[in-house]
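A.B. asks: One structure, as structure tokens, below. Some questions next.
The values are calculated or read from the model by the stated rules, or taken from the named source; none is laboratory data. Since this is a predicted model, take the numbers as computed values, not measurements. Methodologically, a virtual Cβ is constructed for each residue, glycine included, from the backbone with ideal geometry; neighbour enumeration extends over all protein chains shown.
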Amino acid sequence: MSDNNFPGWHGTTIIGVKKDGKVVIAGDGQVSLGQTVIKGTARKVRRLSPGGYDVVAGFAGSTADAFTLLERLEAKLEATPGQLARASVELAKDWRTDKYLQKLEAMLIVTDGSALFVITGAGDVLEPEHDVAAIGSGGNFALAAARAMMDTDKDAETIARDAMAIAADICVYTNGKLTVESIS
């Protein structure tokens, strides 16, 4: 089916905020098909624990594609315990070069409580300059809101929740039903 005929899946905002030794990833729960909300309570933020090593990941894009990537990331983390950067780079390399993975339409924000990365299908592993990363249809709204709050006395979770509320007020593909995971 061509993209011109299919209304497309939309509806995700994921944000990662790193502040004062804590990292929070929050995601909304809305999944839409065209102009219709299909589900309002999807869980797009997950905690992975390969080999007892905690990682939190949030995804935007196709759910099946994202779960494929999360499974691959978990396998990379098992092969390189405690090395999120290395596992993320290995995943991005596979994603960019593997013909099957190249077709996957999703993005990830991942953290181990120390590092915060955005992983894309273009082979990118990006560490945000301002300790805030956001992806998805409302990502730019959430990113701008969170960056404006980083110099306040708000903690990472409050910033993430407030930024997501602002994104939900602006982006029709984002709702206020959040999944929030934190890691220190």
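A.B. asks: Would you pick out the residues in region 15-41 that are surrounded by 18 or more Cβ atoms within 10 Å (Cβ to Cβ) and part of a loop (DSSP other than H, G, I, E, B)?
C.D. replies: ASP28, GLY29, GLN30 - these are the residues of region 15-41 that are surrounded by 18 or more Cβ atoms within 10 Å (Cβ to Cβ) and part of a loop (DSSP other than H, G, I, E, B).
A.B. asks: Where residues in region 119-163 are free of Cβ contacts under 8 Å to residues at least 24 places away in the same chain and within 14 Å of the chain's Cα centre (by Cα), which of them is nearest to ARG72 (Cα to Cα)?
C.D. replies: Only one residue fits best here, namely LEU126.
A.B. asks: Within region 50-78, track down each residue that is surrounded by fewer than 18 Cβ atoms within 10 Å (Cβ to Cβ), within 27 Å of SER32 (Cα to Cα) and hydrophobic (A, V, I, L, M, F, W, C).
C.D. replies: Of everything in region 50-78, those that are surrounded by fewer than 18 Cβ atoms within 10 Å (Cβ to Cβ), within 27 Å of SER32 (Cα to Cα) and hydrophobic (A, V, I, L, M, F, W, C) turn out to be ALA64, PHE67.
A.B. asks: Output the residue which, of all residues in region 23-43 that are closer than 28 Å to VAL132 by Cα and of a type in the set (Val, Ile, Thr), is nearest to the chain's Cα centre (by Cα).
C.D. replies: Residue satisfying both the conditions and the ranking: ILE25.
A.B. asks: Residues in region 149-170 that are in a helix (DSSP H, G or I) and of a type in the set (S, T, N, Q): how many?
C.D. replies: So the answer is 1.
A.B. asks: Only residues that are at negative phi, buried (at least 16 other Cβ atoms within 10 Å of the Cβ) and among the charged types (D, E, K, R): list them for region 130-151, please.
C.D. replies: ARG147
A.B. asks: Still on this structure, I have one more. Looking only at residues that are small (Gly, Ala, Ser) and closer than 19 Å to GLN35 by Cβ in region 161-175, which one is surrounded by the fewest Cβ atoms within 10 Å (Cβ to Cβ)?
C.D. replies: It comes out as ALA168.
A.B. asks: Answer yes or no as to whether ARG86 is within 13 Å of LYS18 (Cβ to Cβ) and basic (Lys, Arg).
C.D. replies: No, not satisfied.
A.B. asks: Next question. When the residues of region 48-72 are narrowed to those that are more than 12 Å from ALA106 (Cβ to Cβ) and at pLDDT 95 or above, which ends up farthest from the chain's Cα centre (by Cα)?
C.D. replies: My answer is VAL55.
A.B. asks: Among what's in region 79-104 and is in contact with a Lys or Arg (Cβ under 6 Å, 6 or more places away or on another chain) and assigned to a helix (DSSP H, G or I), pick the residue that is surrounded by the most Cβ atoms within 10 Å (Cβ to Cβ).
C.D. replies: ALA87
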